[in-house]
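This report concerns only the one structure given below.
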């Protein structure tokens, strides 16, 4: 006698998960292309290929959609950094490779999308309440990862500040890149900072 199995809802759950992912990815794309003010729920549903009814079922307002996109961007940023960090070289050029990974991260579309949310959150208390703790989380995780990748010993005086200065520098270069392609200047600065950072960490 053939065994009977209970019907599964996995296919429907997978379709729902895929649809939500398309909506969140479309939101991020539009944040990069049109900014926060130019991103609307109508444009998101059109870009994602999802009906307005389905979108409104999951994200009734722009606020709901953007808050979910904030979380999505946070996860994507962390995953991209972790994946890039897995293939770093060892030896004399490791510090420069770490800075290259960070530089790529802070000039990536997900960073640009996050920047749009920072600006919008400055004057939107409800959005700020969502963005601020997530950015703090990303900041802590990025700092911890940078410490690990550099092999930095933060128990030594000044090392924590060197790591934070590195992240502030790379973030600032990423901000400059949103206005114009600053790749050459960024490369020169990070090359020099890699030498400075190696010497400073050795003497700390």
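The values are calculated or read from the model by the stated rules, or taken from the named source; none is laboratory data. All of these numbers come straight from a predicted model, not from anything done at the bench. All Cβ positions, glycine included, derive from the backbone under ideal geometry; neighbour counts span all protein chains shown.
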Review point. Residue 95: closer than 24 Å to residue 128 by Cβ, crowded, with 18+ Cβ neighbours inside 10 Å, out of contact with any strand residue (DSSP E or B) (no Cβ under 8 Å at 6 or more places or on another chain) and modelled with pLDDT of 90 or more, yes or no?
Key: no
Review point. Between residues in segment 92-108 that are more than 15 Å from residue 76 (Cα to Cα) and residues that are at pLDDT below 90 and surrounded by fewer than 19 Cβ atoms within 10 Å (Cβ to Cβ), which pairs lie under 7 Å by C-beta distance while being six or more apart or on different chains?
Key: 94/88; 97/88; 97/89; 98/88
Check your understanding: Residues in segment 28-43: is at least one at pLDDT 90 or above, more than 23 Å from the chain's Cα centre (by Cα) and over 27 Å from residue 201 (Cα atoms)?
Key -> yes
Check your understanding: Within the bounds of segment 7-21, is there any residue that is without any contact (Cβ under 8 Å) to a residue 24 or more places away in the chain and within 30 Å of residue 188 (Cα to Cα)?
Key -> no
Check your understanding: Could you list, in sequence order, the residues of segment 59-75 that are within 15 Å of residue 26 (Cα to Cα), without any contact (Cβ under 8 Å) to a residue 40 or more places away in the chain and either touching a strand residue (DSSP E or B) at 6+ places or on another chain (Cβ under 8 Å) or in a helix (DSSP H, G or I) (or both)?
Key -> 62, 64
Review point. Here are some residues: 113, 120. Which one is touching a residue at least 12 places away in the same chain (Cβ under 8 Å), surrounded by fewer than 19 Cβ atoms within 10 Å (Cβ to Cβ) and either closer than 20 Å to residue 74 by Cα or touching a helix residue (DSSP H, G or I) at 6+ places or on another chain (Cβ under 9 Å) (or both)?
Key: 120
